[in-house]
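A short worksheet on the structure shown next.
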Amino acid sequence: MCETCGCGDPEVVPVEVQQDLLAGNDRTARHNRDHFMRDGVLAVNLMGSPGSGKTALLEATARRTDDWRLGALSGDLATDNDARRLDAAGIPSEAITTGSACHLDARLVHRALHDLPWRDLDLLFIENVGNLVCPAIYDLGQEVNVVALAVTEGDDKPLKYPVMFRKADLVLLTKVDLLPYLPQVNVAAIEDALARTMPEPNLIRVSAVTGEGIDKWVDWLRARRSATVCAEATTATTTTATA
Amino acid sequence: MHEYSLIQSLLDVVDAEARSRGATAVHHLRVQVGELSGVETELLASAYELFREHTSCAGADLEIVPVPARWGCPDCGAEIVRGDVLRCAACARPAQLETGDEILLERIEMEVA
C-alpha cells in the first residue's frame, strides 16, 4: 500500500538490480574453464567469417603438431562436415549443430564435452559458427580467442566488426598465398585497422596451402600452452599448500 | 540474433525479482547496452516486444540506455580519441575499455501490494 498518504493505491518501487544479462552463460563458461585448467588443456575459441579458412587452418595445424594430442568441437548450423574433415586430419572431433543459432554458447560447449574424451588432450579447438558478430559476446570457457581473417575479406573488416576484433588475442591472416592475385588488398591497411580495434594487436600471416606461417602459429600455441600448464601447476601447488 | 536469448534471460531475471518481492505488476525496465557489447538495440527492442506477452513484463516498458565506448590509458588515465590507435601516446600502454561493453539490467520498477 502507498505509504506516502495511505490512499490504498499500490506502491511502485524502483529496484536497483545491476544484473549482467550474460551472467548465466558466464557461470557455465567459468565451470568449463575450471575443467580445462584443472586438466591442463589449452582451449582455443577459433572464430571468423564463414569461409575464412578455419577448418583448413586446423588441418594444416595437425600436420605440424605430431607431438600433441588435439581435439575439436566444431559448430555449424547444419551438417557435421567440418568435424568429419577434422577427424580425417587426425583431430578427434565432435560436431555441434546449432540449428538456427548463430553462435556457440558455454552450455552447448559443456554438453558437447560429454561426448568428446577431452581430458587427455593438450589442446582443444572450439571452431565457432562462421560469423563475425554473435560469437564474440559469448564466453565459452576458452583460454584464448583467435580470429581467422581471410585476405579476400577486404582490409577494413576489423573496423566494420570491432566487437569481434577487440576480443581477439590473435588474428590469423589466412589464405596469404592468394595475395599476389589481390593487388587491391593492402596488408598494412589491415594492420592499421587492427591497431584501432585491438588493444594489443597481434597478427600472423598464414596459408594452409603453402604452409607459410603455420610454424609461427604453432609456436604461439606452444607458448600459450606452457603458460596454461604453469598456471595450472601454480594453482595446484597453492591448493595443496592451503590444504 | 543473440538478442532473443538475451531477452529470455532478461525476462527470467525480472520474473525472479518480481516473485521474490511479491510484486503485483512490473511497470518499467532500464537496460544499459554498450556500443561494443555486440548488441543491436533495435533488435533487442523488437525481441522484447515479441517475447514479453504472457510474462510478468507484459505491461512493462523497456528503456534502453546506449553506453558509448570509451577507451583510456590504464596508467595515466588519458582518453583515447575515438577511431585512434588503441595505445596511449604518452605511456605506450595498450588502452583499456572503460565503458561500452555492458549488457546490464540496471533497474526494475515494480508495483508492490
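The values are calculated or read from the model by the stated rules, or taken from the named source; none is laboratory data. Since the structure is predicted, the reported quantities are computational estimates derived from the model, not experimental observations. Neighbour counts run over all protein chains shown; Cβ positions are idealised from the backbone, glycine included. Note: areas computed on protein heavy atoms with side chains; ligands, DNA, RNA excluded. Shrake-Rupley method; radii C 1.70, N 1.55, O 1.52, S 1.80 Å.
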Let me know the charge dipole size of segment B:1-84 about its Cα centre in debye, to the nearest 20, where only the beta-carbon of Lys, Arg (+1) and Asp, Glu (-1) is charged.
280 debye
Add -39500 (n - 2.57) for each DSSP H run of 4 or more in chain B, then divide by its residues: what number comes out at 222 nm, to the nearest 500 deg cm²/dmol?
-8500 deg cm²/dmol
Mind grabbing the accessible area of residue A:97 for me, 1.4 Å probe, Å², rounded to tens?
80 Å²
What whole-number distance in Å separates the alpha-carbon centres of segment A:118-160 and segment A:164-206?
14 Å
P(r) weight above 31 Å for segment A:45-232, C-alpha pairs, percent:
11 percent
Once you place label points 7 Å from the Cα toward the Cβ at residue A:15 and residue A:102, how far apart are they in nm?
3.2 nm
Most fluctuating of A:101, A:23, A:195 in the GNM of chain A (C-alpha, under 10 Å) is A:23
For segment A:45-232, averaging the sequence separation of alpha carbon pairs under 8 Å that lie six or more residues apart and dividing by its residue count, the contact order in percent is 23 percent
The size of the Cβ-based charge dipole (Lys, Arg +1; Asp, Glu -1) of the protein assembly as shown about the Cα centre, to the nearest 20 debye, is 1160 debye
Give the residue from A:229, A:50, A:131 lying farthest towards the positive end of the charge dipole for the protein assembly as shown; charges sit on Cβ (+1 for Lys and Arg, -1 for Asp and Glu) and the dipole is referred to the Cα centre.
A:229
Inter-centroid distance (Cα atoms) of segment B:36-113 relative to segment A:47-99, Å:
34 Å
Under the Debye formula (equal points on every Cα, no solvent term), log10 I(q)/I(0) of the protein assembly as shown at q = 0.08, 0.13 Å⁻¹
-0.47, -1.10
Before anything else, pin down the relative contact order of segment B:46-113: Cα pairs under 8 Å, at least 6 apart, normalised by residue count, whole percent.
26 percent
Helix runs (DSSP H) in chain A reaching 15 Å along axis by Cα, Kyte-Doolittle at least -0.5
A:214-242
Report the charge-dipole magnitude of segment A:45-232 in Debye, nearest 20, computed about the Cα centre from +1 at each Lys and Arg Cβ and -1 at each Asp and Glu Cβ.
180 debye
As straight-line cross-link partners of residue A:167, the qualifying lysines (C-alpha separation under 18 Å, not fewer than 8 residues apart within one chain) are A:54, A:157
